[in-house]
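Working notes for the structure below.
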Amino acid sequence: MTTGKAHLSWDSISISVAPAAAGAVEFAFNELGSLGTEINHLRKTESDTVVVIGYFDALPDEEFVRFELGEALRIYEMPMELIYSIENRTVADTDWLAEWKRHWKPVEIGTFIIAPPWEEVNTVEKIVIEIEPNMAFGTGTHETTQLCLTAIEENYKPGQSFLDVGTGTGILSIAAAKINSKFQISDFRFSGCDTDGDSIAIAKDNALLNGVGEQIEFYIGSISDATPQFDFVCANLTIDVILRILSMLIGKTKEMLVLSGILFEQEESIISELRKQNIEDYKIQRAGEWISVTLPRSKTKKPTRSRRRF
């Protein structure tokens with residue numbers, strides 16, 4: 001992790017929340033520019049409080065923090081009452097980094113293993129993706145990322161062109177590119193886009209780390225009229241963004257579209273919008289409080305609903 005100067009300590013914000021709101025707080029921390037997040041469960045029952053901690057180079061303004069929390073909860077369609085307390089503190093640099101490295105171990109999702117660079121993973125049957133833990137989202141530990149990786153494993157065909165909208169750390173584009181590398185396919189087109197320039201820089205670094213840096217085009221921005229069609233499109237975003245660009249996502253997809261970043265209670269919102277687009281062929285999978293929607297674009301059949309948990 002590079003910040004441009006040496007640190008003896010970091011600032012952190014600890015927010016006590018209901019478990020259902022943990023994802024919204026992580027989203028808010030990401031919008032505030034956190035260097036990393038972690039979730040600590042205070043007790044073991046599902047109804048108890050969890051503490052979401054965000055680490056910062058310098059603490060953002062308190063009013064700005066509350067604004068971003070409010071925006072995140074609005075997007076996730078949750079009340080502010082799910083936020084119980086907010087606490088700022090200073091944490092030793094070496095303590096945080098050492099603890100993070102000690103606790104973040106390889107995560108296996110189907111055929112993929114997501115691992116930090118310092119962990120040695122010996123396997124020939126799995127596809128190993130090395131990711132620097134710059135952000136909580138995109139490291140393979142979040143349910144929305146796992147749902148996308150599962151959809152890629154089940155539906156992506158080697159040689160298909162691939163677009164990752166909201167690429168974050170680039171993990172989904174890297175996964176598809178490494179599938180092609182495994183089958184020694186070199187004639188393919190991969191792109192990943194994100195409106196956050198820092199995310200694009202991280203994605204490029206991670207692609208290089210995995211030996212596919214020259215195979216993926218990452219760019220700052222989003223899907224637009226000028227975007228060409230792709231065989232396979234992944235959009236791991238938030239429900240408000242997905243609904244806003246859904247028509248374009250559908251139009252830019254030739255064969256398979258995967259939507260993720262949708263909370264379980266938002267299922268009817270996305271299904272209602274799909275019906276407005278005359279789409280009745282979709283598959284829903286669930287992981288924790290999240291769902292993904294997979295839409296094949298080649299034929300019409302009755303809806304399929306799958307409740308897969310991780």
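The values are calculated or read from the model by the stated rules, or taken from the named source; none is laboratory data. Here the structure is a predicted model, which means the values were calculated and not measured. Cβ coordinates were reconstructed from backbone atoms using ideal geometry, including for glycine residues, and neighbour counts include every protein chain displayed.
The table below lists the values:
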| quantity | calculated |
| --- | --- |
| Complete set of residues in segment 146-182 that are aliphatic (A, V, I, L, M) and within 17 Å of LYS204 (Cα to Cα) | LEU163, VAL165, ILE171, LEU172, ILE174, ALA175, ALA176, ALA177 |
| Selected residue (only one of SER47, SER85 is modelled with pLDDT under 85 and farther than 18 Å from ALA177 by Cβ) | SER47 |
| Test: GLY197 is more than 23 Å from ILE262 (Cβ to Cβ) and not charged (D, E, K, R) | yes |
| Failed criterion for VAL65 (all others in (1) more than 20 Å from the chain's Cα centre (by Cα); (2) at pLDDT below 90; (3) surrounded by 19 or more Cβ atoms within 10 Å (Cβ to Cβ) hold) | (2) |
| Selection from segment 50-93 of residues that are among the hydrophobic types (A, V, I, L, M, F, W, C) and part of a helix (DSSP H, G or I) | PHE64, VAL65, PHE67, LEU69, ALA72, LEU73, ILE75, MET80, LEU82 |
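Okay, residues lined up against (1) out of contact with any Ser or Thr (no Cβ under 8 Å at 6 or more places or on another chain); (2) modelled with pLDDT of 95 or more; (3) farther than 23 Å from LYS157 by Cα; (4) outside the structural domain of CYS148 (by TED's automatic domain parsing):
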position: LEU263; (1), (2), (3), (4): yes, no, yes, no
position: ILE270; (1), (2), (3), (4): yes, yes, yes, no
position: GLN277; (1), (2), (3), (4): no, no, yes, no
position: GLY288; (1), (2), (3), (4): yes, no, yes, no
position: SER292; (1), (2), (3), (4): no, yes, no, no
position: LEU295; (1), (2), (3), (4): no, yes, no, no
position: SER298; (1), (2), (3), (4): yes, no, no, no
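Yes/no matrix, rows are residues, columns are (1) more than 13 Å from ILE86 (Cβ to Cβ); (2) at pLDDT below 85; (3) of a type in the set (D, E, K, R); (4) out of contact with any Asp or Glu (no Cβ under 7 Å at 6 or more places or on another chain):
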| residue | (1), (2), (3), (4) |
| --- | --- |
| GLY4 | yes, yes, no, yes |
| SER9 | yes, yes, no, no |
| SER12 | no, no, no, yes |
| PRO19 | yes, no, no, no |
| ALA22 | yes, no, no, yes |
| PHE29 | no, no, no, yes |
| ILE39 | yes, yes, no, yes |
| ILE53 | no, no, no, no |
| ASP57 | yes, yes, yes, yes |
